[in-house]
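> Below is the structure I would like to discuss, written out as structure tokens.
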Ligand SMILES: Nc1ncnc2c1ncn2[C@@H]1O[C@H](COP(=O)(O)OP(=O)(O)OP(=O)(O)O)[C@@H](O)[C@H]1O
Ligand SMILES: [Mg+2]
């Protein structure tokens, strides 16, 4: 393996490396090298993510990139490390966790951390093997880029590489590595870790690190008696509320909302057993391991709030007053509904708010619930109807159209004062035609397991521009086939 050297010299990748996270005290991380995988091959690559990083396109296509992004070589200036965190899993304190299979290679000068997921064991691997399998890596890769293109805050994925190295799960599978990027991978669990271990100096160092880089406005607050840590908690809570509104509006189920999977920046992080809703079932549970439904679709906003309480508990020694910490969490209760209604209004093509909108939204959800109408297809057909298509395409989605007919009357009445062109445009930009349904991912995975990566590339193209029509690809925007309901996605990855 190459030895890293001079940190700020641009290398062949076109990037200059630094690592702000490594300036934190040594108790935050362990420096270590990824464990190589034999004979890596490309599975999927996102040129859009590469461009965001400022990565040289020729280098990204090179054999060296394949080795570096599998963890088999380092570029000069990379400073690989795994970080420690703790967390609550399924509502229970789980103690120390950490990057058990993820290693941060460094941070680009443009401000993105680059992390390999599945690149070998770390001191935080516990019983795990440090690896990720091909199927879960493809899902993470595609969904990261899909969410980004939907305008939903997320960690991104630069590429997936595979290897024939064998990995044991329920059965023998092959290994893969996803390269992820984000301004920071710090989670609520990082704060909980230093709180639980009574390491207040480190807790403060972490909070200051995050505030200075990502929430500098908290230093200027006059709220909470000029308490920057309380303002920080409030800001994280509001970002999280906004994220939850986006998840709910697009029908995204995360599946494992443990506090170690909650980003301090309000990003979607850790694509495991996620799913986009097919039919509208608010109680839908996407994670086969979640037998109690803790992370069901309709629980997500409440669970996020619960997780924010855990973060608040972790920050309490810095905030200094429990009542202030509780007050800092209060705005979640107004920001989430406000953001959710805003997102739903956009889906309905309404550029401004009226008091009756909540009723319109709730009325629609009741109608969709009755027959568990397909979430994505309904919204797309409604958008097309507003753009001029016959309303019958919407009515066809219902065995008994009585409810939707009544609702469409109030929808039309509400639209009487809205420009049709403006409404149609807003709806077509708010209601994607393409989302990463389980069966689409599954088909691409099965091809990739036979070393045919064309399906991954096709899906990536569609998901990168999910609001466009893509003539000829309607099959990817259709109803899930019957066999889709038998796909079981669990925590196994
Ligand atoms: N195969 C594995 N080897 C080592 N550690 C693992 C493995 N799978 C999961 N872990 C660790 O178990 C904990 C919980 O796993 P979880 O599924 O939430 O995370 P993950 O998918 O590995 O990673 P991330 O949250 O970074 O996307 C984390 O500390 C994670 O690093
Ligand atoms: Mg995780």
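The values are calculated or read from the model by the stated rules, or taken from the named source; none is laboratory data. Values in this document were obtained by computation on a predicted structure and should not be read as measured data. Cβ atoms come from the backbone with ideal geometry, glycine included; neighbour counts cover every protein chain shown.
> For the range 163-170, check the following and say yes or no: at least one residue is part of a helix (DSSP H, G or I) and either out of contact with any strand residue (DSSP E or B) (no Cβ under 7 Å at 6 or more places or on another chain) or at pLDDT below 95 (or both). Give the derivation first.
First pass over the range 163-170, keeping only residues part of a helix (DSSP H, G or I): none.
Within the range 163-170 (the criterion being part of a helix (DSSP H, G or I) and either out of contact with any strand residue (DSSP E or B) (no Cβ under 7 Å at 6 or more places or on another chain) or at pLDDT below 95 (or both)), the answer is no, since none of the residues qualifies.
> Return yes when residue 243 is farther than 25 Å from residue 362 by Cβ, surrounded by 21 or more Cβ atoms within 10 Å (Cβ to Cβ) and either in the same structural domain as residue 95 (by TED's automatic domain parsing) or in contact (Cβ under 8 Å) with a residue 12 or more places away in the chain (or both) and no when it is not. Talk me through it step by step, then tell me what you get.
Details: farther than 25 Å from residue 362 by Cβ: no; surrounded by 21 or more Cβ atoms within 10 Å (Cβ to Cβ): yes; either in the same structural domain as residue 95 (by TED's automatic domain parsing) or in contact (Cβ under 8 Å) with a residue 12 or more places away in the chain (or both): yes.
Taking the combined requirement at face value, the residue does not satisfy it.
> With the range 328-395 as the region, which helices (runs of 4 or more DSSP H) entirely inside it contain at least 3 residues that are assigned by TED's automatic domain parsing to the domain that holds residue 318, modelled with pLDDT of 95 or more and surrounded by fewer than 20 Cβ atoms within 10 Å (Cβ to Cβ)? Show your work before the answer.
Working: elements: 332-347, 357-371, 375-386, 392-395.
Hits in the range 328-395: 332-347.
> Taking the residues in the range 56-92 that are within 16 Å of ligand 2 (Cβ to nearest atom) and assigned to a strand (DSSP E or B) as candidates, determine which candidate is nearest to residue 45 (Cα to Cα).
Step one: filter the range 56-92 for residues within 16 Å of ligand 2 (Cβ to nearest atom), giving 82-92.
After this cut, where a residue has to be assigned to a strand (DSSP E or B) as well, the list is 82-83, 86-89, 92.
Numbers: 82: 24, 83: 26, 86: 31, 87: 32, 88: 33, 89: 32, 92: 37 Å.
Result: 82.
> May I ask you to list the residues in the range 257-273 that are within 12 Å of ligand 2 (Cβ to nearest atom), in a loop (DSSP other than H, G, I, E, B) and in contact with a strand residue (DSSP E or B) (Cβ under 8 Å, 6 or more places away or on another chain)?
258, 262, 269
> State yes or no: is residue 368 touching a residue at least 60 places away in the same chain (Cβ under 8 Å) and over 24 Å from the mean Cα position of the chain (by Cα)? Show your work before the answer.
Values: touching a residue at least 60 places away in the same chain (Cβ under 8 Å): yes; over 24 Å from the mean Cα position of the chain (by Cα): yes.
Yes.
> Can you tell me which of (1) touching a helix residue (DSSP H, G or I) at 6+ places or on another chain (Cβ under 8 Å); (2) in contact (Cβ under 8 Å) with a residue 60 or more places away in the chain; (3) surrounded by fewer than 20 Cβ atoms within 10 Å (Cβ to Cβ) is the one residue 293 doesn't meet?
Going through (1) touching a helix residue (DSSP H, G or I) at 6+ places or on another chain (Cβ under 8 Å); (2) in contact (Cβ under 8 Å) with a residue 60 or more places away in the chain; (3) surrounded by fewer than 20 Cβ atoms within 10 Å (Cβ to Cβ) one by one, residue 293 breaks only (2).
Residues checked against (1) under 21 Å from residue 20 (Cα atoms); (2) more than 17 Å from the chain's Cα centre (by Cα); (3) surrounded by fewer than 22 Cβ atoms within 10 Å (Cβ to Cβ):
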| site | (1), (2), (3) |
| --- | --- |
| 175 | no, yes, no |
| 183 | yes, no, yes |
| 186 | yes, no, no |
| 192 | yes, yes, no |
| 200 | yes, yes, yes |
| 204 | yes, yes, yes |
| 207 | yes, yes, no |
| 212 | yes, yes, yes |
| 222 | no, yes, yes |
